[in-house]
1. Among the β-branched types (Val, Ile, Thr), modelled with pLDDT of 95 or more and surrounded by 10 or more Cβ atoms within 10 Å (Cβ to Cβ): is that true of ILE36 in this structure?
2. Please enumerate the residues belonging to the range 90-104 that are closer than 16 Å to LEU125 by Cβ and touching a residue at least 24 places away in the same chain (Cβ under 8 Å).
3. Does LYS102 satisfy the condition of being modelled with pLDDT of 95 or more and of a type outside the set (Ser, Thr, Tyr)?
4. Looking only at the range 42-71, count every residue that is under 8 Å from the mean Cα position of the chain (by Cα) and open to solvent by 100 Å² or more (accessible area, probe 1.4 Å) and tell me the total.
5. When you go through LYS74, LYS102 one by one, which is the residue that is open to solvent by 100 Å² or more (accessible area, probe 1.4 Å) and in a helix (DSSP H, G or I)?
6. Hey, can you tell me all the residues within the range 130-145 that are under 41 Å from the mean Cα position of the chain (by Cα) and either modelled with pLDDT of 80 or more or in a loop (DSSP other than H, G, I, E, B) (or both)?
7. Does TRP83 satisfy the condition of being surrounded by fewer than 10 Cβ atoms within 10 Å (Cβ to Cβ), among the aromatic types (Phe, Trp, Tyr) and either out of contact with any Lys or Arg (no Cβ under 6 Å at 6 or more places or on another chain) or on the phi < 0 side of the Ramachandran plot (or both)?
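The values are calculated or read from the model by the stated rules, or taken from the named source; none is laboratory data. Computed from a predicted model, the values in this text were never measured in an experiment. Every residue, glycine as well, gets a Cβ built from its backbone with ideal geometry; the counts of neighbours run over all protein chains shown. The area values use the complete protein model at the heavy-atom level, side chains included, leaving out ligands, DNA and RNA. Shrake-Rupley method; radii C 1.70, N 1.55, O 1.52, S 1.80 Å.
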Amino acid sequence: MTAPAPSPSMLDVVVHSGPADWWVILAGLGPLAVLIAALLAFYINWRTLKQRTSADKTALDQKREADAQALRQKTEADSRAEWWRRTQWALDRALDADEGTKALGLATLEVLARSELARDEELELFDIAWKSVAGDENGDDAGRDVDAEHEVPFLDADGNIGENGTTDADKTREVGP
């Protein structure tokens, strides 16, 4: 037979009513410290993300502006290159012996001179070329016998250039003293 189990006895519990030790208090504040650390980490990460987003936006805006500027410069360079190619073609025609071809070249030069792509130096060269082709090397007609059938016709005699309302006086000037 087995021996009967002893009956449960009363357990005495002693509660200290004095001040708690510091490590007990610290252990109770542990979850609060973890919460504060998590909130601090969230705030730091949020500020970092906000700053990076702002810096990325600024960099993107600067890149867009630089790309737009590069595109404007390339477009202008391409336009000037095409203008110069047309100018060379017109100069070749202006120096041709055939009067009709010469008139076409000079008329084309006149239109090209009105372009906003034409610079002052090029307009001066146009004046020199025009005088050279027309036989007026020194810029004055005195002493020259002008034959009416060899005269180059003048286009847009009223001075109107085109839809933009500029005239040859707006873009050209005389060369010399």
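1. So ILE36 fits the description; yes.
2. Across the range 90-104, the qualifying residues are LEU91, ALA94, LEU95.
3. No.
4. 3
5. Answer to the selection: LYS74.
6. Across the range 130-145, the qualifying residue is only LYS131.
7. Numbers: surrounded by fewer than 10 Cβ atoms within 10 Å (Cβ to Cβ): no; among the aromatic types (Phe, Trp, Tyr): yes; either out of contact with any Lys or Arg (no Cβ under 6 Å at 6 or more places or on another chain) or on the phi < 0 side of the Ramachandran plot (or both): yes.
Spelling it out, it is not the case that TRP83 is surrounded by fewer than 10 Cβ atoms within 10 Å (Cβ to Cβ), among the aromatic types (Phe, Trp, Tyr) and either out of contact with any Lys or Arg (no Cβ under 6 Å at 6 or more places or on another chain) or on the phi < 0 side of the Ramachandran plot (or both).
Quick grid of which residues meet (1) without any contact (Cβ under 8 Å) to a residue 12 or more places away in the chain; (2) of a type outside the set (A, V, I, L, M, F, W, C); (3) part of a helix (DSSP H, G or I):
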residue	(1), (2), (3)
ASP12	yes, yes, no
GLY18	yes, yes, no
ILE36	yes, no, yes
TYR43	yes, yes, yes
THR53	yes, yes, yes
GLN62	yes, yes, yes
